Amino acid sequence: MAENIQNGSEQPLEFGNQQIPPEMGTYLKWGGVIFGLVVLFAALSFFRSIYTDLLWFDGLGFRSVFTKILLTRAVLFAIGAVAFASLMGLSLIIAGRSSKGPITLPLPPEAIVFLRRLVLGVSVAAALLLGLIFGGVMASRWELFLRYKNAVSFDQLEPVFNLDISFYVFTLPVLHFLQGWLLGASILILLGTFALYYVRFNLRGERLTFTRELKIHVSILGAFIMFVIAWGHWLDRYGLLLSDQGAIFGAAYTDIHARMPALLVLTIITAGSGILMLVNTYFQAMRLLIGAAVLWIAMSIILGSVWPAINQQLTVNPNEFVLEEPYIARNLEFTRAAFGLERIEEAFYSAESAVDAQAIQENLQTINNIRLWDYRPLSDVYRQIQVIRPYYDFKDADVDRYIIDGQLRQVLLAAREVAPEKLELESQTWTNTKLVYTHGIGLAMSPVTEFTPEGRPVFYAQDIPADGVIPIGSQLQDSEPDLLVTNPRIYYGENTLDYVIVNTNTKEVDYQTAGGELIRNNYKGAGGVRLGSFLRKAAYAWQFADINILISGQILGESLIQYRRQIQERISTVAPFLMLDSDPYIVAAEGQLFWMQDAYTFNDLYPYSGLTVSSDPTESGLNYIRNSVKVTVDAFNGSLRFHIWDESDPMVLTYAKIFPDLFVSQD
């Protein structure tokens, strides 16, 4: 019979020959089963996501892009997880050995063994769980590390440290991240270690005592934290060139003459505090440990806040313009460079109020293309007279230029996209929305200057001809079309929000002629992922939470599932580091339809360049941007091409080094 421990009026605990009570064993067993199932489900979901993404990227020809990102994230995750778990595990092992001692609690031996195992299990679980979290944090910053490794020089030096701009754009973010990661990790290790000491002492029936081993251990951890903080102060000197606290963005007078030397002194003091903590491993004096921490805190307040404020108030404010003038000039110079404004050439034209017949005659092409139609009301007109069938829609009209009748004409045009959500509710079945109404067809196009006597636009392209070929031209009698869109089908567009499955036993609605004949077909392109195996069907049924993908008898081995069909989602999945213009536009060329999307490289780390102000408080500003990429998307098969449009942009050249198979030249 085990010893009794009285707890108020409760019955004593009895462990007998068992290490834990039977009820607790049952709870632990079922808890372990549930936890194992949750972990298994999460793991399978993770690998399913990787599998389907690999298939999707491979179908686009960008397998190397996906594998490079995945491999980089995996390596960074492993480094972060192993590094944190190892450091914390080592610290906890030392704490466990250093806190050994006689147990004075009146507990039976079985209870002591159970509690020790419980503390060990919790310690191991904490180290592993936190290791996974810190590994995930490091893996999420894969872009920082890839940009750092493949950085291209800006060939422009900043005036304070005489460093290339690439240091601030590519190198400094990685250093800041590593410093923050190490600081967070070391603080958690210190807290976890201290918690283990506290629990171990209490299990022995003693109050937490600062023993010799505990003082040495805490001193070493504290010293490491101080050294990491000192590194942060050193990096903050460079960060002053990205400061938005002064009169301008970048280092101003107070930053250069007060904050920068203060940060240098603070770096030395913080490193000195770390050395004092290391020295304390010999003296084991709590006063020395506390004194080193207090010294850093006091000097951080004095040098980090008080001294710059005094300098600003007494030195700068009385003579602000004179002292800040050179820094304002830097801000203007670097802002122009960051936004490419230095390329703009100023030209002066004399203002003439009178426009004579000769001026009009010399500029007939310009006069004939002055836009009268606005895209917003014209989009409504298109919806009224060119939708043709209720399951089509026009999202909006875009402005472009085409050679019509041998002349360059400004036009408005819009794509006729599929809109299965506009079907009658009873017609919105799985078969209709996923297998039948899969694509839009054709476009409407009209000149910006012309209209009919009824006030309607004059069309260059309209309706859906019986042969499914869209002619583009002036529509004059006996005139040949300037362009023929022989394949006007739109499987990928702005309104294609849901997945569809093509090449099935159910033929798709291709188009309906003016006479009412319904033309059906099967997809003849290469867009999508082939559903040729049970594994693929099961993976996508899970991904879209749609069991029909797995059980439908309409799906064949040659069937293709098309998803991420919306233009901007498609592009952003492949290249999440590009900022996209809000409105892609349709282009008719080479007998079919393409989407054109402007994309931008950007960052907010260009020294001395002013930040833009966003109307959305959740969005941060930027201080560097280039329209360096034009993306074309085939509306029929969804293929993407990323064209480098500005070969002088170091950021796009860096991304091109990271992903050599992603970009092509503008030619």
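The values are calculated or read from the model by the stated rules, or taken from the named source; none is laboratory data. Predicted model, so just to flag it, every value in this text is computed and none were measured. With ideal geometry, Cβ positions are generated from the backbone for all residues, glycine too; neighbour counts draw on all protein chains shown. We work out accessible area using only protein heavy atoms, side chains counted, and drop any ligands, DNA or RNA first. Shrake-Rupley method; radii C 1.70, N 1.55, O 1.52, S 1.80 Å.
Give the residue that is least open to solvent (accessible area, probe 1.4 Å), with candidates limited to residues of the range 380-392 that are hydroxyl-bearing (Ser, Thr, Tyr) and over 14 Å from Val411 (Cβ atoms). If you could, list the steps in order and put the result at the bottom.
Within the range 380-392, the first condition is being hydroxyl-bearing (Ser, Thr, Tyr), and the residues that meet it are 382, 391-392.
Add one more test, that the residue is over 14 Å from Val411 (Cβ atoms), and what stays is 391-392.
Numbers: Tyr391: 17, Tyr392: 2 Å².
Result: Tyr392.
Within the range 330-352, which residues are assigned to a helix (DSSP H, G or I) and farther than 19 Å from Met260 by Cβ?
Here is the first cut: in the range 330-352, the ones assigned to a helix (DSSP H, G or I) are 330-338, 341-343.
Result: Leu332, Glu333, Thr335, Arg336, Ala337, Ala338, Leu341, Glu342, Arg343.
Within the range 537-547, can one find any residue that is open to solvent by 50 Å² or more (accessible area, probe 1.4 Å), within 24 Å of Phe57 (Cα to Cα) and in contact with a Leu (Cβ under 8 Å, 6 or more places away or on another chain)?
no
Can you spot a residue in the range 569-579 that is among the small types (Gly, Ala, Ser), under 29 Å from Val469 (Cβ atoms) and without any contact (Cβ under 8 Å) to a residue 60 or more places away in the chain? Break it down stepwise before answering.
Of the residues in the range 569-579, the ones among the small types (Gly, Ala, Ser) are 572, 575.
Within this subset, residues satisfying the condition of being under 29 Å from Val469 (Cβ atoms) are none.
No, every residue in the range 569-579 fails to be among the small types (Gly, Ala, Ser), under 29 Å from Val469 (Cβ atoms) and without any contact (Cβ under 8 Å) to a residue 60 or more places away in the chain.
Read through the list (1) open to solvent by less than 40 Å² (accessible area, probe 1.4 Å); (2) more than 28 Å from Arg520 (Cα to Cα); (3) among the aliphatic types (A, V, I, L, M), then give the number of the only condition that Ile403 fails.
(1)
Give Leu622, Leu640 a once-over and let me know the one that is under 21 Å from Tyr168 (Cα atoms) and either among the hydrophobic types (A, V, I, L, M, F, W, C) or surrounded by 17 or more Cβ atoms within 10 Å (Cβ to Cβ) (or both).
Details: Leu640 fails: under 21 Å from Tyr168 (Cα atoms).
Sole residue among the options that is under 21 Å from Tyr168 (Cα atoms) and either among the hydrophobic types (A, V, I, L, M, F, W, C) or surrounded by 17 or more Cβ atoms within 10 Å (Cβ to Cβ) (or both): Leu622.
Residue check: is Thr601 hydroxyl-bearing (Ser, Thr, Tyr), open to solvent by less than 50 Å² (accessible area, probe 1.4 Å), assigned to a strand (DSSP E or B) and on the phi < 0 side of the Ramachandran plot? Even if it seems obvious, please write down each step before you answer.
Values: hydroxyl-bearing (Ser, Thr, Tyr): yes; open to solvent by less than 50 Å² (accessible area, probe 1.4 Å): yes; assigned to a strand (DSSP E or B): yes; on the phi < 0 side of the Ramachandran plot: yes.
Yes.
Take the residues in the range 327-353 that are without any contact (Cβ under 8 Å) to a residue 40 or more places away in the chain and open to solvent by less than 100 Å² (accessible area, probe 1.4 Å), then tell me which one is nearest to the chain's Cα centre (by Cα).
Taking the range 327-353 as the starting set, the residues that turn out to be without any contact (Cβ under 8 Å) to a residue 40 or more places away in the chain are 329, 332, 336, 341-353.
Next, from what is left, pick out any that are open to solvent by less than 100 Å² (accessible area, probe 1.4 Å): 329, 332, 341, 347, 350.
Values: Ala329: 34, Leu332: 30, Leu341: 28, Ala347: 41, Ser350: 48 Å.
So, considering only residues that are without any contact (Cβ under 8 Å) to a residue 40 or more places away in the chain and open to solvent by less than 100 Å² (accessible area, probe 1.4 Å), the one nearest to the chain's Cα centre (by Cα) is Leu341.
In the range 51-60, what residues are open to solvent by 40 Å² or more (accessible area, probe 1.4 Å) and more than 14 Å from Ser639 (Cα to Cα)?
Tyr51, Leu54
Taking Leu531 and the conditions (1) farther than 28 Å from Pro584 by Cα; (2) surrounded by fewer than 18 Cβ atoms within 10 Å (Cβ to Cβ); (3) within 34 Å of the chain's Cα centre (by Cα); (4) of a type in the set (A, V, I, L, M), which numbered condition does it fall short on, given that it satisfies the others?
(2)
Condition first: more than 16 Å from Asp53 (Cβ to Cβ), part of a strand (DSSP E or B) and touching a Lys or Arg at 6+ places or on another chain (Cβ under 8 Å). Now tell me which residues in the range 512-555 satisfy that.
Result: Gln512, Arg520, Asn521.
Of all residues being basic (Lys, Arg) and open to solvent by less than 50 Å² (accessible area, probe 1.4 Å) in the range 178-220, which is nearest to Gln284 (Cα to Cα)? Just the residue, please. So that I can check it myself, show each step before the final result.
Going residue by residue through the range 178-220, those that are basic (Lys, Arg) are 200, 204, 207, 212, 215.
Within this subset, residues satisfying the condition of being open to solvent by less than 50 Å² (accessible area, probe 1.4 Å) are 204, 215.
Working: Arg204: 23, Lys215: 6 Å.
Here the residue is Lys215.
Within the group Val265, Val279, Val294, which residue is without any contact (Cβ under 8 Å) to a residue 40 or more places away in the chain, under 30 Å from Tyr327 (Cβ atoms) and among the β-branched types (Val, Ile, Thr)? Steps first, answer last, please.
Values: Val279 fails: under 30 Å from Tyr327 (Cβ atoms); Val294 fails: under 30 Å from Tyr327 (Cβ atoms).
Going through Val265, Val279, Val294 in turn, the sole match is Val265.
If I ask for residues that are open to solvent by less than 50 Å² (accessible area, probe 1.4 Å) and farther than 14 Å from Trp181 by Cβ, which ones from the range 116-132 would you list?
Quick first cut of the range 116-132, residues open to solvent by less than 50 Å² (accessible area, probe 1.4 Å) only: 119, 121, 123, 126-127, 130-131.
If the condition is that a residue be open to solvent by less than 50 Å² (accessible area, probe 1.4 Å) and farther than 14 Å from Trp181 by Cβ, then Val119, Gly121, Ser123, Ala126, Ala127 are the ones that fit.
Could you tell me which numbered condition Ala185 fails, if it satisfies all but one of (1) within 25 Å of Gly291 (Cβ to Cβ); (2) touching a Phe, Trp or Tyr at 6+ places or on another chain (Cβ under 8 Å)?
Every condition holds for Ala185 apart from (1).
Name the pairs: first residue in the range 133-153 and surrounded by 18 or more Cβ atoms within 10 Å (Cβ to Cβ), second residue among the charged types (D, E, K, R) and in a helix (DSSP H, G or I), Cβ to Cβ under 6 Å, at least 6 apart or on different chains?
Ala139/Arg73; Trp142/Arg73
If Gly610 satisfies all but one of (1) at pLDDT 95 or above; (2) surrounded by 18 or more Cβ atoms within 10 Å (Cβ to Cβ), what's the number of the condition it fails?
(1)
Are any residues in the range 354-371 open to solvent by 100 Å² or more (accessible area, probe 1.4 Å), without any contact (Cβ under 8 Å) to a residue 40 or more places away in the chain and either of a type in the set (S, T, N, Q) or in a helix (DSSP H, G or I) (or both), and if so, which ones?
The initial filter retains those residues of the range 354-371 that are open to solvent by 100 Å² or more (accessible area, probe 1.4 Å), namely 355, 358, 361-362, 365, 371.
Those left that are additionally without any contact (Cβ under 8 Å) to a residue 40 or more places away in the chain: 355, 358, 361-362.
Within the range 354-371, Gln358, Gln361, Glu362 qualify.
Name every residue in the range 157-179 that is in contact (Cβ under 8 Å) with a residue 60 or more places away in the chain and within 22 Å of Phe577 (Cα to Cα), in order of residue number.
Ile165, Ser166, Phe167, Tyr168, Val169, Phe170, Leu172, Pro173, Leu175, His176
Scan (1) touching a residue at least 24 places away in the same chain (Cβ under 8 Å); (2) closer than 18 Å to Asp498 by Cα for the single condition Glu421 breaks and write down its number.
Result: Glu421 passes all but (1).
Among the numbered criteria (1) assigned to a loop (DSSP other than H, G, I, E, B); (2) closer than 22 Å to Trp56 by Cα; (3) of a type outside the set (A, V, I, L, M), which one does Tyr655 miss?
(1)
Quick check: anything in the range 643-650 within 20 Å of the chain's Cα centre (by Cα) and aromatic (Phe, Trp, Tyr)?
no
From Ala126, Ala223, Ala230, grab the single residue that is over 30 Å from Phe283 (Cα atoms), over 28 Å from the mean Cα position of the chain (by Cα) and small (Gly, Ala, Ser). Step through it out loud before you land on a result.
On the way: Ala223 fails: over 30 Å from Phe283 (Cα atoms); Ala230 fails: over 30 Å from Phe283 (Cα atoms).
Of Ala126, Ala223, Ala230, the one residue that is over 30 Å from Phe283 (Cα atoms), over 28 Å from the mean Cα position of the chain (by Cα) and small (Gly, Ala, Ser) is Ala126.
Please work out which one of (1) closer than 28 Å to Pro650 by Cβ; (2) in a strand (DSSP E or B) is the condition Phe594 fails and give its number.
It is condition (1) that Phe594 fails.
Does Asp498 count as open to solvent by 50 Å² or more (accessible area, probe 1.4 Å) and modelled with pLDDT of 90 or more?
Numbers: open to solvent by 50 Å² or more (accessible area, probe 1.4 Å): yes; modelled with pLDDT of 90 or more: yes.
It is true that Asp498 is open to solvent by 50 Å² or more (accessible area, probe 1.4 Å) and modelled with pLDDT of 90 or more.
Please specify each residue of the range 50-74 satisfying the condition of being touching a residue at least 24 places away in the same chain (Cβ under 8 Å) and either under 21 Å from Phe134 (Cβ atoms) or within 17 Å of the chain's Cα centre (by Cα) (or both).
Val65, Lys68, Ile69, Thr72, Arg73, Ala74
Name the residue, out of Leu175, Leu163, that is touching a helix residue (DSSP H, G or I) at 6+ places or on another chain (Cβ under 6 Å) and open to solvent by less than 60 Å² (accessible area, probe 1.4 Å). It would help to see each step written out before you state the result.
On the way: Leu163 fails: touching a helix residue (DSSP H, G or I) at 6+ places or on another chain (Cβ under 6 Å).
From the options Leu175, Leu163, the qualifying one is Leu175.
Out of the residues in the range 438-454 that are in a loop (DSSP other than H, G, I, E, B) and open to solvent by 40 Å² or more (accessible area, probe 1.4 Å), which is nearest to Leu560 (Cα to Cα)?
Glu450
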